[in-house]
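Just below is one structure, and these are the notes that go with it.
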Amino acid sequence: MTFFPIKTIINFDFKNRGLNLINSELNEDYMNIIIVGCGKVGYTIAEQLCKEGHDVTVIDERADVVNNVKNNLDVIAIHGNGVSNQVLSEAGIKSCHLFIAVSGSDEHNLLSCIVAKKNSKCNTIARVRNPIYEKELDFLKEEFDLASIINPEYETADEISRIFQFPSATKINRFVGGNVDQYRIRITDSSPLNGEKIMNIRTNYNKNILISGVLRNDEFLIPGGNFILEKDDLISIVASRKDARDFLKKTELLTNPVKNVCIAGGGKISFYLAKKLISASIGVKIIESNEARANELAEIMPEATIIHADATDPGILEEEGIENVQGFAALTGLDEENILVTLYARKNSKAKIITKINRINFNSVISELHLDSVINPRMITADRITRYARTMNAAVNNNNVETLYSMDEGKAEALEFKINTVSAITDCPIKDLKLKPNSLICSISRKHKTIIPSGNDTINVGDLVVVVTAGYKISDITEILED
């Protein structure tokens, strides 16, 4: 694998927590990336960045993990300590553009980022998961000169919390600081949308929503006006929260926020989720099998009800009133347990159910179970990292990727771009733009106003624009145009 130099100077605006790229002259479409730690999260990040076309080197102290990576991914895999200057030199730190530390130790990750910065001008990202650092992340980010700090457990809890507060959706992707969302909704047999043409939906229900995609029989489609919705379709709509609620009310799909939640498992995700739900005045009960952990949670979260018991025992779930809960989250450490508990809860309650799944190689089987909302912390983290990589690659065009979500195992992507310069896509009616197939401009945010675009609308400098693409990946919004 050959390493190529890059001529990029990157500054990070810590006060605004944003990425500010200046004096950029990026000549290649790929970067040299080093990942320290190749557990579940590290492996998923490495896999995703390989698909993006980057040169990836992974470092791990576990020989079996290194061998597994070598056998399954097109990366350089090094057995060693990611803090070691010698190991980092062997990995090519001098020519590294992006350094990602996601080992199991927060302190190890921070220290390896320091050593990496001493040896190169690379951008560094550290995974910091321990709740004791929760209020110190801004301090750590600035003092350690980090591009970003990622916390998969916190990000996962945030996504679950949003769904419990908008349970009509199976998934919610947030754009424009929460002013625009993409909601995933399942079409039921009794839904008025069953059999409805796309072209009629905005006229009949709400002109300020847009259907940005349909998942049907494991195929992602960007529908045209004559597309007819069917039972079991998973549709994605883009709208403000107000317009989404109006649309779902008119289509008889609106469900009110839950008032109480039962959580199976008391790990880090459960801790962060419980804090978010409690702050939203939602009642929380956590069932945790480890006595020491249950006692710890009871001490640090007196507002929640903590039960020391096995959440996979149907008798315990029945005893704790599973039939009366409005929200249920299966967040144990084992996918198999989460699936079984979910199936039991679905049979014995009317709760909004969210299931955490870590392994993604059985997605086709899992999708057939119709588990409602499935959350994958690894993919949430990989999306965050991919966004940074895309933004660095897009520096030459100065239209930054603000937000990125992978959809349906990478079949499609929803991206938010900040339009910083005049280009072929600006100041031209959308109807006159020659878009590639499977491309859709979903929303335009301008001066705190959200526009669900028609053919006569234009994209202007300063806008925040949400697009969906299927079958290809982009780093700059102009790439949705035909060559």
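Just so you know, all these numbers are worked out from the coordinates, no wet-lab data involved. Note that the coordinates shown come from a computational prediction; the quantities given were computed from them, not determined experimentally. Reconstructed Cβ throughout: ideal geometry from the backbone, glycine too, with neighbour counts over all protein chains shown.
Electrostatic tally near Asn81: other residues with Cβ closer than 14 Å to its Cβ, Lys and Arg +1, Asp and Glu -1, net -3. Modelled spin-label separation between Asp64 and Glu90, with each label point placed 7 Å from Cα along the Cα-to-Cβ direction: 2.1 nm. Across all directions, the average projected area of the convex hull around the alpha carbons of the chain is 22.5 nm². Summing charges over neighbours of Leu253, with a neighbour being any other residue whose Cβ is under 11 Å away from its Cβ, gives +3 when K and R count +1 and D and E count -1. Spin-label model, Glu107/Ser279: points 7 Å from Cα along the beta carbon direction are separated by 2.8 nm. Every helix of 4 or more DSSP H residues in the chain counts as -39500 (n - 2.57), and over all residues that averages to -9000 deg cm²/dmol at 222 nm. Apply the a/c threshold of 1.5 to the C-alpha gyration tensor of the range 39-180 and tell me whether it is rounded, prolate or oblate. Prolate, because a/c is 1.5 or more and a/b exceeds b/c. Starting from the 7 Å offset along Cα-to-Cβ, what nm value, one decimal, do you get for the label separation of Glu291 and Lys347? Going from the Glu291 label point to the Lys347 one covers 3.1 nm. Of all stretches in the chain that contain no GluC sites (Glu not before Pro) in a DSSP loop with at most 12 other Cβ atoms within 10 Å, the longest one is 1-251. Between Lys449 and Leu340, the contour length at 0.36 nm per residue exceeds the Cα-Cα span by 34.8 nm.
DSSP beta bridges confined to the chain are antiparallel in about 55 percent of cases. For the range 227-234, putting each phi into the Karplus relation 6.51 cos²θ - 1.76 cosθ + 1.60 with θ = phi - 60° gives couplings of 5, 10, 6, 10, 4, 6, 5, 9 Hz, in residue order, rounded to whole numbers and with x for Gly and Pro.
Between Glu319 and His79, the FRET efficiency from the beta-carbon distance, with R0 = 51 Å, is close to 0.55.
Under the criterion of Cα pairs below 8 Å and six or more residues apart, the relative contact order for the range 150-209 equals 17 percent. The HN-Hα couplings worked out from phi for the range 203-217 by the Karplus form 6.51 cos²θ - 1.76 cosθ + 1.60 (θ = phi - 60°) are 6, 7, 10, 6, 6, 9, 10, 9, 7, 9, x, 9, 9, 9, 6 Hz, whole numbers, x standing for Gly and Pro.
If you take the Cα centroid of the range 313-359 and the Cα centroid of the range 127-193, the two points sit 21 Å apart. Cysteine residues of the chain whose C-beta has no other cysteine C-beta under 4.7 angstrom: Cys38, Cys50, Cys113, Cys262, Cys428, Cys442. Measuring nothing but how far apart in sequence close Cα pairs (under 8 Å, 6+ apart) lie, relative to its length, the chain scores a relative contact order of 11 percent. Using the Karplus relation 6.51 cos²θ - 1.76 cosθ + 1.60 with θ = phi - 60°, the per-residue 3J(HN,Hα) values for the range 41-54 come to 6, x, 4, 5, 5, 4, 4, 5, 5, 4, 5, 6, x, 7 Hz, with x marking Gly and Pro.
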